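The values are calculated or read from the model by the stated rules, or taken from the named source; none is laboratory data. All values derive from a computational prediction rather than experimental measurement. Here Cβ is always computed from backbone atoms with ideal geometry, including for glycine, and neighbour counts include all displayed protein chains. To get the accessible areas, we keep the full protein, side chains included, count just its heavy atoms, and leave off ligands, DNA and RNA. Shrake-Rupley method; radii C 1.70, N 1.55, O 1.52, S 1.80 Å.
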Number of protein chains: 2
Amino acid sequence: MPHDSHSKPQTGPALNAAQARALGALQAAGRPLTAYEVLDALREDQPRAAPPTAYRALRRLIDLGLVHRLESLNAYTPCVHEHDAADAGASQATLFAICDDCGNVREITDAPLARRMRQLAEEGAFTPASTIIEMHGRCGGCASEGGA
Amino acid sequence: MPHDSHSKPQTGPALNAAQARALGALQAAGRPLTAYEVLDALREDQPRAAPPTAYRALRRLIDLGLVHRLESLNAYTPCVHEHDAADAGASQATLFAICDDCGNVREITDAPLARRMRQLAEEGAFTPASTIIEMHGRCGGCASEGGA
DNA sequence: GAGACGAATGTTATATTGTAACCGCTGAGC
DNA sequence: GCTCAGCGGTTACAATATAACATTCGTCTC
């Protein structure tokens, strides 16, 4: 069974088997996954899959705006907002709040923040293509639990 | 020669030979250096130096607030502002504008940006410990040169 | 339908980045 | 002098990522 072309038409752009599997794994995990964790998920379908298969699927998902890469973790997380990847630099500024205790990641988009970033870029004659904002710290849940 | 305590008294805290050499290499480079490029610089003094020597020196310099790590490049750049590392999460928000054409990096600190980040964290009951803001794109110089 | 061609994917191998764990020196305190 | 703690050196390896080549598949042409 090489591939079935009628599997997931509703998502929008067609994803191949590896891409769909990778996205599913990321959505199911509830936490960021490394490329090699995604690879492990792909191997449930294709036991011989190798790293480039995972990296190519992830790149495609990122290009489609369905997944983000967290640079400070070398990990990947599904995007909870719908937006075009083409917007990444200009109008979007997505902030990730990463709890170093529980690993939870919150994705936040904020217009005033994006506006200020654009303004700073403009003042510096800089044309942004993509922006990374990652905050590490402690989420509310972990702060109230482990007071120490 | 374990360490000479009279090498650079004006910088503040004492740096050992490897740390001073690493910082010098970063300042001289004019662009971010990878850990292994810093290691090459260290080897001019200590030809047998191994990766942990470079990583330890870099970590120390980061802890002292003298160097930043650029997560999106896996590279390191000297800090042009004087500030305590302890501030990193709370009052400081340092933005790096990275030109993908020429590799130049500009370090920008901006109070309104930092304020908005703090506010967003607070609204989400999140306690930030450190924040990464990296903008990729094209600097003014490169935009005016290579119009294409 | 056979063959040529290009795009996508599979596969192998290796490059790059980073760290665990142990060793040995040096210097402080006794 | 002896012990011990801490730092830095060293070895070995783990984790992350990509280059380069082989194969497959679909499509176009004739």
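At a glance:
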| item | result |
| --- | --- |
| Rounded to the nearest 10 Å², the accessible area of B:Asp40 at probe 1.4 Å | 90 Å² |
| A:Asn74 paired with B:Thr34, simple spin-label distance in nm, labels 7 Å along Cα-to-beta-carbon | 1.2 nm |
| Assigned charges on the beta-carbon of Lys, Arg, Asp, Glu; the range B:15-79 dipole about Cα centre (debye) | 120 debye |
| Computed E for B:Arg43/B:Asn16 - FRET, C-beta separation, R0 25 angstrom, nearest 0.05 | 0.95 |
| For the range A:111-128, 3J(HN,Hα) per residue [Karplus equation, 6.51 cos²θ - 1.76 cosθ + 1.60, θ = phi - 60°, Hz, x = Gly/Pro] | 5, x, 4, 4, 4, 5, 5, 4, 5, 4, 4, 4, 4, x, 6, 10, 9, x |
| Under-5 Å amide H pairs with B:Leu15, H placed in peptide plane, nonlocal only | B:Lys8 |
| Where labels lie 7 Å past Cα in the beta-carbon direction, separation of A:Ser144 and B:Ala143 in nm | 4.5 nm |
| Accessible area per residue in Å² at 1.4 Å probe, computed on the range B:15-79 | 49 Å² |
| Buried area at the B-A interface (accessible, heavy atoms, 1.4 Å probe, summed, Å²) | 2700 Å² |
| Radius 12 Å from Cβ of B:Leu73, net charge of other residues (Lys, Arg +1; Asp, Glu -1) | -3 |
| Semi-axis lengths (Å, descending) of the ellipsoid that matches the C-alpha gyration tensor of the range A:15-79 | 16, 12, 11 |
